[in-house]
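In what follows, a single structure is set out as structure tokens and then discussed.
The values are calculated or read from the model by the stated rules, or taken from the named source; none is laboratory data. Please read all numbers here as calculations on a predicted model, not as lab measurements. Here the Cβ is made from the backbone with ideal geometry for all residues, glycine too, and neighbour counts use every protein chain on show. The area values use the complete protein model at the heavy-atom level, side chains included, leaving out ligands, DNA and RNA. Shrake-Rupley method; radii C 1.70, N 1.55, O 1.52, S 1.80 Å.
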Amino acid sequence: MWTLIARRVLIAIPTVILVSMFVFGLQHALPGDPILVIAGEERDPEAIERLKEIYRLNDPVPVQYVAWVGQALQGDFGRSMRTGEPVSKLIVQKLPVTIQLAVASMIFALAIGLPAGILAAVRKGTAVDYAASAVALSGLSIPNFWLGIMMILFISVELRLLPASGYVPFFEDPVGAIETLIMPAFVLGGGLAATIMRHTRSAMLEVLRADYIRTARAKGLDERVVINKHALANALVPVITLSTLLFGQLLAGAVLTEQVFTIPGFGKLIVDAVFNRDYGVVQGVVLCTAIGFIFMNLLADVLYIVVTPRLRTG
Amino acid sequence: MTDAQTAAPTADAAVRAAEALPPRRNRVLAKLLANRMALIGGGIVLTFVLLAVFAPLIAPYDPIKTNFLAIRRPPSELYWLGTDELGRDILSRLLHGARASLAAGVFSVFISVAIGVPVGLIAGWAGGWVDAIISRITDALLACPFLILAIAFAAVLGPSLTNAMIAIGLSAVPIFVRLARGQVIAVRNEDFVEGARAVGLPGPVILARHVAPNVLPPILVQATLTIAEAIIAEASLSFLGLGQQPPSPSWGSMLNAAKNFLDQAPWMSLFPGIAICLVVLGFNLLGDGLRDALDPKEN
């Protein structure tokens, strides 16, 4: 098992290096000269020279890259070219906001997707199954930012039930946090619930055909025990992997949801940075998201190895 | 009766049965036509394609011309779906916007297939270090979430519909590289490939004539489903202001404007969203139907 995990970790290393090169190269292709933006109206040649010095723009590109990676490894992702704040500080500020949203969405997606998938599999071919599949398909077809707009329209504007926007930290005011989280989490988690439901359903169907399920039934076990204990435990393996993978995607999906509900998180940070042509921030955010994503993929594979007996012992 | 006599009619029957069996392509088509969901999906897609093509003829008003005497009118006999904050007819903008959405979906997937499939074929066929390098780059690209990647590309290329298509297309390339590579590896050691190699056909010929056709069905399915995703991605980028630029209509940019008028003009945000849902659902249904029809296990 350890060899397998070690090999998987080793494979992730060149991926991280490539991603860093890619992110670095991408930012250097950005249109507009950010130095001219910072230098302001006068464009004093001396000031421009000094700024280029500060941001190391006079060095050859490979030198810039190595310096950048060296700093990034020490947790220094450069500075915002707008406000001069360190990018790492911005990220540390915004990350909890997005993680709170992502966790709430994941809880929501699992709470709906798992039972719906199990039920659809157990009642295969019945109205329950078709209804669940139809809801899942529409969940995949509705763009989540539009769903968000519609929820604001009906729940906030018409019925005045929930706040339309904002962010409340959970540990400061749990009730306020939940109120502001219900709609964004529903919007962001809805699509995931559909994916989880579809996978749970097919995993359950696969497992229910297995011999040991027939044996369990033949022993005269209660159907509920067969489903909950014997089938579910095995069907959950691929779903665990999938959920870990999806969690990484949540961070990206948050971009739109945060935009719709004006939540000051990671997604809003990157969109604002793109519009401000803020080199440093875009670079830092994309790199962080990508590494977070690679880490979640790694975690998913490791979890898969740990929960699969065949791989655990082999 | 002798053995020969009994054997003859059975062999005959087998030949007749084989002749009666339609060629594979027709069977796939027949299966697709028998699938009601796929038909509905195809119908939706076809309808929107026709609406987009004939938009200038059907649209009752100019989609760009502003009219300050008819600002934010609710749906009425005059303006079936109402007007927006600049007095433009929403129905006309929706019809013209269908062009942006469908074009974005089709062109971006065309880009991803045109780059991803050949690269994946080469990686799977060549193996060794070529495969290793291509796979690592694909992993790295897949490591950046689709939308973040598209936003980053759109930021680099500058905001416009064309650039959004390129951004979405490039972001989806790794999906097709992986799929094509996996398919080639599955087919590479099949008997018919061995046979082609045994008669001395050169590699590129085997790849193009014997491997590629077997790789195509799953790619067709994936392409259809990716069009659905690309349409949502284009709407998302336009919603963020990184796609279609005003005043040209696109469903995403219409929603971007609409979200500022939820109180005063809810119809502005209702209809573009419904249009996106319908088209995306159409492509999803069609893709699912194609997958069932092309599934060799069920044929």
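The helices (runs of 4 or more DSSP H) located wholly in region A:59-162 that include 1 or more residues which are within 14 Å of chain B (Cβ to nearest Cβ) occupy A:87-122, A:127-141, A:144-151. Screening residue B:235 with (1) away from every other protein chain (no Cβ under 14 Å); (2) touching a helix residue (DSSP H, G or I) at 6+ places or on another chain (Cβ under 8 Å); (3) of a type in the set (Gly, Ala, Ser) gives one miss only, at (1).
Evaluating residue B:128 against the criteria (1) away from every other protein chain (no Cβ under 14 Å); (2) within 30 Å of residue B:271 (Cβ to Cβ); (3) open to solvent by 30 Å² or more (accessible area, probe 1.4 Å) leaves one unmet condition, (2). Scan (1) under 30 Å from residue B:262 (Cβ atoms); (2) open to solvent by less than 10 Å² (accessible area, probe 1.4 Å) for the single condition residue B:93 breaks and write down its number. In the conditions (1) under 30 Å from residue B:262 (Cβ atoms); (2) open to solvent by less than 10 Å² (accessible area, probe 1.4 Å), residue B:93 misses (2) alone. Among the residues of region A:78-95, those that are of a type in the set (S, T, N, Q) and either surrounded by 18 or more Cβ atoms within 10 Å (Cβ to Cβ) or within 19 Å of residue A:23 (Cα to Cα) (or both) comprise A:80, A:88.
Sub-9 Å Cβ pairs linking a first residue in region B:99-112 that is closer than 11 Å to residue B:167 by Cα and at pLDDT below 95 to a second residue that is open to solvent by less than 20 Å² (accessible area, probe 1.4 Å) and not in a helix (DSSP H, G or I), at least 6 apart or interchain, are B:104/B:243; B:104/B:250, ordered by first then second residue. Restricting attention to region A:274-299, the residues that are without any contact (Cβ under 8 Å) to a residue 60 or more places away in the chain and open to solvent by less than 10 Å² (accessible area, probe 1.4 Å) total 1. The set of residues from region B:252-273 being more than 9 Å from chain A (Cβ to nearest Cβ) and hydrophobic (A, V, I, L, M, F, W, C) comprises B:254, B:257, B:261, B:265, B:267, B:268, B:271. Within region B:149-172, the set of residues being among the β-branched types (Val, Ile, Thr) and crowded, with 24+ Cβ neighbours inside 10 Å comprises B:151, B:168. Within region A:300-309, does at least one residue satisfy the condition of being within 13 Å of chain B (Cβ to nearest Cβ), part of a helix (DSSP H, G or I), closer than 18 Å to residue A:12 by Cα and of a type in the set (A, V, I, L, M)? Yes, some residue in region A:300-309 is within 13 Å of chain B (Cβ to nearest Cβ), part of a helix (DSSP H, G or I), closer than 18 Å to residue A:12 by Cα and of a type in the set (A, V, I, L, M).
None of A:195, A:180, A:126 is in contact with a Pro (Cβ under 6 Å, 6 or more places away or on another chain) and among the β-branched types (Val, Ile, Thr) except A:180. Look at region A:221-238: where a residue is more than 24 Å from residue A:300 (Cβ to Cβ) and a partner is of a type in the set (Lys, Arg) and open to solvent by 60 Å² or more (accessible area, probe 1.4 Å), sitting 6+ places away or on another chain with Cβ atoms under 6 Å, you get A:226/A:217. Reported count of residues in region A:248-265, each being in a helix (DSSP H, G or I) and more than 10 Å from chain B (Cβ to nearest Cβ), is 2.
Annotation note: of A:245, A:232, A:221, the sole residue that is open to solvent by 30 Å² or more (accessible area, probe 1.4 Å) and outside any helix (DSSP H, G or I) is A:221. Of all the numbered requirements in (1) touching a Lys or Arg at 6+ places or on another chain (Cβ under 8 Å); (2) under 18 Å from residue A:25 (Cα atoms), residue A:94 misses one, and that requirement is (2). Residues of region A:267-293 that are more than 9 Å from every other protein chain (Cβ to nearest Cβ) and not in a helix (DSSP H, G or I): A:278 alone.
When you check residue B:190 against the structure, is it charged (D, E, K, R) and under 30 Å from residue B:158 (Cα atoms), yes or no? No: the conditions fail for residue B:190. When region B:190-208 is filtered for residues that are within 10 Å of residue B:125 (Cα to Cα) and not in a helix (DSSP H, G or I), nothing remains.
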